1. Based on DSSP H assignment, which helices of the chain show an axial Cα extent of at least 18 Å together with a mean Kyte-Doolittle hydropathy greater than or equal to -1.0?
2. Quick one, can you get me the convex hull of the C-alpha atoms of segment 112-261 expressed as volume per residue in Å³?
3. Expressed in whole Å with the largest first, what are the equivalent ellipsoid semi-axes of segment 174-261 derived from the C-alpha gyration tensor as the square root of 5 times each eigenvalue?
4. In whole Hz and in residue order, list the ³J(HN,Hα) couplings for segment 116-132 that follow from phi through the Karplus curve 6.51 cos²θ - 1.76 cosθ + 1.60, θ = phi - 60°; x for Gly and Pro.
5. Express in nm, to one decimal, how much length is gained between T197 and R226 on full extension, taking 0.36 nm for each residue of separation and deducting their alpha carbon distance.
6. Using the basic label-point model (7 angstrom from Cα toward the beta carbon), what is the I28 to F106 distance in nanometres?
7. Working from the pairwise distances between different alpha carbons, so that the mean of 1/r is found and then inverted, what is segment 44-195's Kirkwood radius in Å?
8. Based solely on C-alpha atoms, express the radius of gyration and the Dmax of the chain in angstrom.
Amino acid sequence: MTTPSRALQVDIFTLFPEMFDGPLTESILKRAQEMGALTVRLHNPRDYTTDRHRTVDDTPYGGGGGMVMKPEPLVRAVRAVVPPGEGVPVILMSPQGRLFDQSVAFELARLPRFALVCGHYEGVDERVRQTIITDELSIGDYVLTGGELAAMVIVDAVTRLLPGVLGDPTGATDDSHATGLLEYPHYTRPPEFEGLTVPEVLLSGHEANITRWRRQQALRRTWQRRPDLLLTAPLTEADREFLAVLAEEDIARRAGKPTKS
């Protein structure tokens, strides 16, 4: 097995470490750990409590439903594992955080180490944010039961970007969102399935034509499904010319005229 050129360590603080057993012991995440590219350490704040009941939550001041994670065990746990002053980002999983996307995944993949804090119940005491948290991330505009699933998503997305993890060096860079566009369609054997055939260009062996077709298909799919991405995607002059053709096709289609595609 190839030795990775660099490795990433992720410390995850969670009240439910068993939730990570499946994701961390299968597929790409398992392989990344076996090859030494990724180290994941799970830390339970309950282990840093001082009372016999191992209390990690309490009722909120001011009333209201639910429970709030207490600051002492969580802050104590993070400080014991990630000593202050070492510059390790401590990231809270939170619906109030900045949106996690592919650019943030690349940002984290360049780090040697970061920590993820999983909130639960109604969230964490605000003083946790004020004392140990350096960043907050959200994986979408919805609310989960806790931060564990969000942490799994982040670890998976970041791990795929680590050198050598996918084997094929272009594997992660061609993915949807990696280039700012949605990914082009993929085909494999058989060449015909239920009357549907593989595009001839993919069978031609002509590398330049295949590259151009894939780029244009990525542009077309993004135009059709996520046109908002085109506002920030890095585009060449050839890309812009092809998008102009797509725009003309759309106009013609609405007018009921035949199109080239």
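What follows draws every value from the coordinates through simple rules; no lab data is involved. The model shown is predicted, which means the values in this text are computed figures rather than measured ones. Cβ coordinates were reconstructed from backbone atoms using ideal geometry, including for glycine residues, and neighbour counts include every protein chain displayed.
1. On the way: long enough: 207-225 (27 Å, -1.88); 237-254 (26 Å, -0.46).
Once both thresholds are applied, what remains is 237-254.
2. 212 Å³
3. Numbers: eigenvalues 104, 68, 32 Å².
In descending order the semi-axes read 23, 18, 13 Å.
4. Result, ordered by residue: 10, 10, 9, x, 7, 6, 8, x, 10, 3, 4, 6, 5, 4, 6, 10, 10 Hz.
5. Working: separation 29, 0.36 × 29 = 10.44 nm, distance 2.58 nm.
My answer for the length gained is 7.9 nm.
6. 1.6 nm
7. Details: mean 1/r = 0.0560 Å⁻¹.
For segment 44-195, the Kirkwood estimate is 17.9 Å.
8. Here Rg and the maximum Cα pair distance are 23.4, 76 Å.
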